[in-house]
Amino acid sequence: MQGEILFLCVTVFTAGFAIAIGVIFPALGQGKACSKALEGIARQPEATGPISRTLFVGLALLESLAIYVLVVSLILLFANPLLKYVFK
Amino acid sequence: MQGEILFLCVTVFTAGFAIAIGVIFPALGQGKACSKALEGIARQPEATGPISRTLFVGLALLESLAIYVLVVSLILLFANPLLKYVFK
Amino acid sequence: MQGEILFLCVTVFTAGFAIAIGVIFPALGQGKACSKALEGIARQPEATGPISRTLFVGLALLESLAIYVLVVSLILLFANPLLKYVFK
């Protein structure tokens, strides 16, 4: 039974820490992009339109990186295809 | 029984530290975005409208990153799909 | 049985942490590219068109780097070609 428990422990640990580590740098990137956009709007309020549009595209792509990690975490927890080899 | 206890220990450890690590960088990002917005509003009070709108979108996306980690933590604690393999 | 369990543990650990680490630098790159584009648009709003087009190409290529890691993670989980050697 110990081997199966080890597999489940590794799965839980990986799912949790993967998403925790996976949001670190998208968060830094979004914070940086957002702060630059706010600086730009404060300097040139008439450029709000193009700045916002560019910012939203960047934020969406950074968000997608975090979602990839979330998808892998949830697959590990809910649809782990390797479980059937452990618990035959 | 020791294996089952180990699994529960790993689950608790992961749920706690995942959310603790997962909020670090969204918090830094939100703090940076917010401080830049306040600088901008202080420099150009007439640009408050566009600055606030841009800030709120950025804060919402950074918040969503932390919520992903929270979701995984709560799943680990309340709806852990692996528990049924440990306690058959 | 212990060897097979070890193989599955390593697979899960690798799939999770690979995607978590793999989004780090695409996220930093996208954040940097995005913030420079926003700076540029704020300085010269009339250059929005070329700046946006260049930014989108850069963001798409950075996104593709993260997608490579996602593909390898999903292959490890769902179509691991080494499993047939472990479970003959």
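Below, the figures for the structure above:
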{"item": "Long-range neighbours under 8 Å by Cβ, at least six apart or interchain, first residue closer than 25 Å to C:Leu65 by Cβ within region C:30-46, second aromatic (Phe, Trp, Tyr) and open to solvent by 10 Å² or more (accessible area, probe 1.4 Å)", "result": "C:Gly31/A:Phe25"}
{"item": "Cross-chain or 6+ apart pairs with Cβ under 7 Å, region A:72-84 first and closer than 20 Å to C:Phe7 by Cβ, then buried (at least 20 other Cβ atoms within 10 Å of the Cβ) and of a type in the set (Val, Ile, Thr)", "result": "A:Val72/C:Ile19; A:Leu76/A:Thr11; A:Leu76/A:Thr14; A:Leu76/C:Val12; A:Asn80/A:Thr11; A:Leu82/C:Thr11; A:Leu82/C:Val12"}
{"item": "Subset of region B:5-48 (residues that are touching a Pro at 6+ places or on another chain (Cβ under 9 Å) and open to solvent by 20 Å² or more (accessible area, probe 1.4 Å))", "result": "B:Phe25, B:Gln44, B:Glu46"}
{"item": "Residue match in region C:11-26 (condition: more than 17 Å from the chain's Cα centre (by Cα), of a type in the set (Ser, Thr, Tyr) and modelled with pLDDT of 90 or more)", "result": "yes"}
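The values are calculated or read from the model by the stated rules, or taken from the named source; none is laboratory data. Quantities reported herein were computed from a predicted structural model and do not represent experimental measurements. No Cβ is skipped: glycine too gets one built from the backbone with ideal geometry, and neighbour counts run over all protein chains shown. What goes into the accessible areas is simple: the full protein's heavy atoms, side chains included, and nothing from ligands, DNA or RNA. Shrake-Rupley method; radii C 1.70, N 1.55, O 1.52, S 1.80 Å.
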